[in-house]
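The values are calculated or read from the model by the stated rules, or taken from the named source; none is laboratory data. Please read all numbers here as calculations on a predicted model, not as lab measurements. Cβ atoms come from the backbone with ideal geometry, glycine included; neighbour counts cover every protein chain shown.
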Amino acid sequence: MKKLLLSMAAVALLFTACDDDKSASIEQSKVDMNDFYVYTDANDDVASKSANDKGNKKSCSSMSVLNRQLDANPGLERKMYNIELHTRQFIAGKGKPPGSGGSGTGGGDTDVDILPIQDNLGIINIPVYVHIVYPNANSISDSRVSEQMSVLNADFKNTNTGLLPSGTTFANDATNAEFSFSLAGTIRHDDPKSSWGTNDAVKVAYPPITPETHLNIWVCEIGGGILGYAQFPGGNASTDGIVLGGAYFGNTGGVYGAGRTATHEVGHYLNLRHIWGDGRCNRDDFVADTPLAGASNGGCPSFPSVSCKTADMTMNYMDYTYDNCMYMFTDGQRNRMRAIFAQGGSRAGMLN
Ligand SMILES: [Zn+2]
């Protein structure tokens, strides 16, 4: 693995070296890819979580699903590397945000402030197909679907700084990501299967509808205490989209019943990593204005919750905290999500 990563880093150096020859404007887009990774120890995490945490912690299987897809698809790692390279070059080309440091993505400094890039993309609308797969698919009503759409629309356009825990230092990082979501259709499938797991079986049984231009959301019983999982940009179109457990879809009550599992999984779908980088303090989420964190946080932490010598951003949608204790994406996360819709980006085709 290390060997492959090193050889890809060399390719990136060559690529940027060629850019140097072309023009000064492209030279601004030189980026450091040394910290890029795809494989994680997420499979171990899931095992220890079910053994130790008794379901008290949110469980998202996106990284273990990614590990499996990387093993099955030898070209995926390179594809994701190229998407990451495009993302970093696009953001860097829009001007180096103040405080982002000279190289890499920073990470440990809670004072790092990133500015929203001016990408001229406006509000990015994502049309959504919802597939409800349950023994009685009508058990999840149209109003639940509407609730979930409302949560997505609110979370991707609000800053929620008034809701942040007292004492937080992160108010200046909270962002309006400028995405909207419109319901293109709800398709119900009565299916007696009681547990679909995370191997994409539900997507094989009920394939996505025009995934090149639409976000597909499957709502079904996943099992294993798993709330949801997403596919990152770069994966196969035939499995593109997110899967949510029905108990966590819309406003269902309970600590994970405010619709934020969808917000979290759409974050992955738009190329966000977990806020703790799925590793210890030496792994970043490729976002400079989210501090390094040693692990996920659960529950509803008061501020500050410290790891890696700085306060964790436990209130970020990409942590594992309770739905009503997460309030924000950051400007850096906003820039990352929007970059994949820029020219040459992996989801740019959705805008047409
Ligand atoms: Zn996740």
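Residues that are surrounded by 24 or more Cβ atoms within 10 Å (Cβ to Cβ), more than 13 Å from the chain's Cα centre (by Cα) and small (G, A, S) within region 235-245 are absent altogether.
Scanning region 290-304 for residues that are of a type in the set (A, V, I, L, M), buried (at least 24 other Cβ atoms within 10 Å of the Cβ) and within 16 Å of the ligand (Cβ to nearest atom) yields one hit, A293.
On the given criteria, is P208 of a type outside the set (D, E, K, R), at pLDDT 95 or above and in contact with a Gly (Cβ under 7 Å, 6 or more places away or on another chain)? Answer is yes for this residue. Selection over region 309-336 of residues that are outside any loop (DSSP other than H, G, I, E, B) and either charged (D, E, K, R) or surrounded by 24 or more Cβ atoms within 10 Å (Cβ to Cβ) (or both) gives a count of 10. Quick one: count up the residues across region 178-193 that are charged (D, E, K, R), outside any loop (DSSP other than H, G, I, E, B) and within 25 Å of G267 (Cα to Cα). Selection size over region 178-193: 1. When the criteria are applied in full, D113 meets the requirement of being assigned to a loop (DSSP other than H, G, I, E, B) and in contact with a Pro (Cβ under 9 Å, 6 or more places away or on another chain). Within region 337-352, restricting attention to residues that are surrounded by 20 or more Cβ atoms within 10 Å (Cβ to Cβ) and not charged (D, E, K, R), the residue that is farthest from the ligand (Cβ to nearest atom) is A342. Remark: pairs (first residue in region 262-289, within 10 Å of the ligand (Cβ to nearest atom); second residue hydrophobic (A, V, I, L, M, F, W, C) and in a helix (DSSP H, G or I); Cβ separation under 6 Å; 6+ apart in sequence or on different chains) = D278/A42; D278/M63.
Residue-level check: of (1) touching a helix residue (DSSP H, G or I) at 6+ places or on another chain (Cβ under 9 Å); (2) surrounded by 17 or more Cβ atoms within 10 Å (Cβ to Cβ); (3) modelled with pLDDT under 70; (4) outside any helix (DSSP H, G or I), G55 misses just (2).
Flag not set for Y256, criterion: within 12 Å of the ligand (Cβ to nearest atom), among the aromatic types (F, W, Y) and in contact (Cβ under 8 Å) with a residue 12 or more places away in the chain. Quick one: is I83 hydrophobic (A, V, I, L, M, F, W, C), buried (at least 22 other Cβ atoms within 10 Å of the Cβ), modelled with pLDDT of 95 or more and on the phi < 0 side of the Ramachandran plot? So I83 does not fit the description; no. One residue stands out in region 21-38 among those that are assigned to a loop (DSSP other than H, G, I, E, B) and not polar (S, T, N, Q): the one that is modelled with the lowest pLDDT, namely K30. Here the condition is being at pLDDT below 95 and more than 18 Å from H268 (Cβ to Cβ); of G75, G122, G107, it holds for G107 alone. Pick from region 219-249 the residues that are within 16 Å of the ligand (Cβ to nearest atom) and part of a strand (DSSP E or B): which of them is farthest from M350 (Cα to Cα)? Per the stated criteria, the residue is G245. Of all residues in region 141-168, those that are aromatic (F, W, Y) have Cβ atoms under 7 Å from Cβ atoms of residues that are surrounded by 15 or more Cβ atoms within 10 Å (Cβ to Cβ), 6 or more apart or on another chain, in F156/A177; F156/F179.
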